[in-house]
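Novice: The structure is given below, and queries will be raised subsequently.
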Amino acid sequence: MFPIHDDTERVHGRPYLNYGMIAINVIVFIWEASVTSFFSDGPAVEEMFMTYGAVPDRLVNDFPASAPTILTSMFMHAGIAHIVGNMIFLFVFGDNIEDKFGRIKYILIYVGWGVAAALAHSAYAVSTGGGEIPAVGASGAISGVLGAYMVMFPRAKIFTVIAAFFLYTVRIPVLIYIPLWFAMQVIFAVLGQLGPSGGSGVAYLAHVGGFVAGVAAGFAWRILPDSIKYREGTAIAGGAKPAFRGPMFRKARPRIEDVVTAAPEVIEGPDYYEVIAEIRGVSDASDISASYDADSRQIRIVAHGTRKYEMSAKLPATAGNPVVKYIQYLNGIARIRLTK
């Protein structure tokens, strides 16, 4: 069961950082294959992984001196299937996380998820006597990507290839796809299939640790104030002018305002008004708020997506004092129902 792509639209163009991380993983894998005769030279493979892999005994007993191996191990893989599987997941889910966090925050948090995964696996491996076996792979950090994605885009659907006698594709809601994937990691972990000591060669507890860290980061991001998440939401004290931005910074990423192409539409029913607005770049209805101003007869809509922005729609002159009843959001369209 492999994901092909999701239906979550990006707001800020191409995810060049995510593409770059995939490219680095591929380049490192080509280097690995070249120095080990495509992993056929056993002593060379062992020396390489012991040097650049995350060895649990070293991480537990010689931290932080051994910390750099966490970073190097995150870009190494033990075979073609290993790297292909990881890069597919990073390609499908990582672009939206980069779009949500921004490039700098994304790379820092991505590394943080890798660290959490490595430490979780190392603690278990040392406690079970497998601390001398190095761990490599981006799986732990990518598990963090999956955890954050599930929290930030709970309405997304994943186009998935399923192999059961023959190949076919289905759209699976993310709240089914990712929890099912996580349940499999937990089951394998509980069954004692962690790392080579369990016979599978897969460090499932690293997946669990990275995923939990990703979920925590997703929830933390949702509750952070906009002034911390988005620079545009931070007021400039004392009316001071912003610092001059050189030519290399002038080509700013497009804002969500540039994506909105149509004014909101107002529909009047027998006992309600409904405002329909095209809004891109938000996770769900909880990122949208609406309020009515009786003086101007306008409904003010504020979206807290990757960038904060607002729009308004004017109600008919016959409008009294309508009250917002609920807000629905699906596939980029917000429906705001007001009672008369």
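Novice: Read phi for every residue in the range 91-98 and hand back ³J(HN,Hα) as whole Hz from Karplus 6.51 cos²θ - 1.76 cosθ + 1.60, θ = phi - 60°, with x for Gly and Pro.
Specialist: So the Karplus estimates, Gly and Pro as x, are 5, 6, 9, x, 5, 6, 5, 4 Hz.
Novice: Applying the Karplus parametrisation 6.51 cos²θ - 1.76 cosθ + 1.60 with θ = phi - 60° to the phi angles of the range 152-163, what ³J(HN,Hα) value in whole Hz is obtained for each residue in order, glycine and proline being reported as x?
Specialist: 7, 10, x, 9, 5, 10, 10, 6, 10, 8, 10, 9
Novice: Same structure, new question: Can you run phi through the Karplus equation (6.51, -1.76, 1.60; θ = phi - 60°) for the range 138-146 and list ³J(HN,Hα) in whole Hz, with x for Gly and Pro?
Specialist: Each residue's phi maps through the Karplus curve to give 8, 4, x, 5, 5, 4, x, 4, 5 Hz.
Novice: Of the labelled options [x] 45, 23, 18; [y] 55, 28, 13; [z] 37, 19, 18, which one gives semi-axes √(5λ) of the Cα gyration tensor in Å as computed for this structure?
Specialist: [x]
Novice: Also: Treating the beta-carbon of each Lys and Arg as +1 and of each Asp and Glu as -1, no other charges, what is the dipole magnitude of the chain about its Cα centre, to the nearest 20 debye?
Specialist: 1160 debye
Novice: Hey, if you put +1 on the Cβ of every Lys and Arg and -1 on every Asp and Glu Cβ in the range 259-339, which of SER296, TYR329, ILE276 ends up farthest toward the positive end of that dipole?
Specialist: TYR329
Novice: Amide H to amide H, which residues 5 or more places from THR8 or on other chains are under 5 Å from it, using H placed in the peptide plane?
Specialist: Under 5 Å from the amide H of THR8: LYS157.
Novice: I'd like the orientation of helix 103-127 relative to the chain: the angle between its Cα long axis and the longest Cα principal axis, in ° from 0 to 90, rounded to 10.
Specialist: The helix 103-127 is inclined about 40 degrees to the chain.
Novice: Going toward the positive end of the dipole of the chain, with +1 on Lys and Arg Cβ and -1 on Asp and Glu Cβ, which of ALA189, ALA313, PHE49 do you reach last?
Specialist: ALA313
Every number here is computed from the coordinates shown, using simple stated rules; none is lab data. The shown structure was predicted, so the numbers you read here are calculated from the model rather than taken from an experiment. FYI the Cβ positions are ideal-geometry reconstructions off the backbone, even for glycines, and counts take in every protein chain you see.
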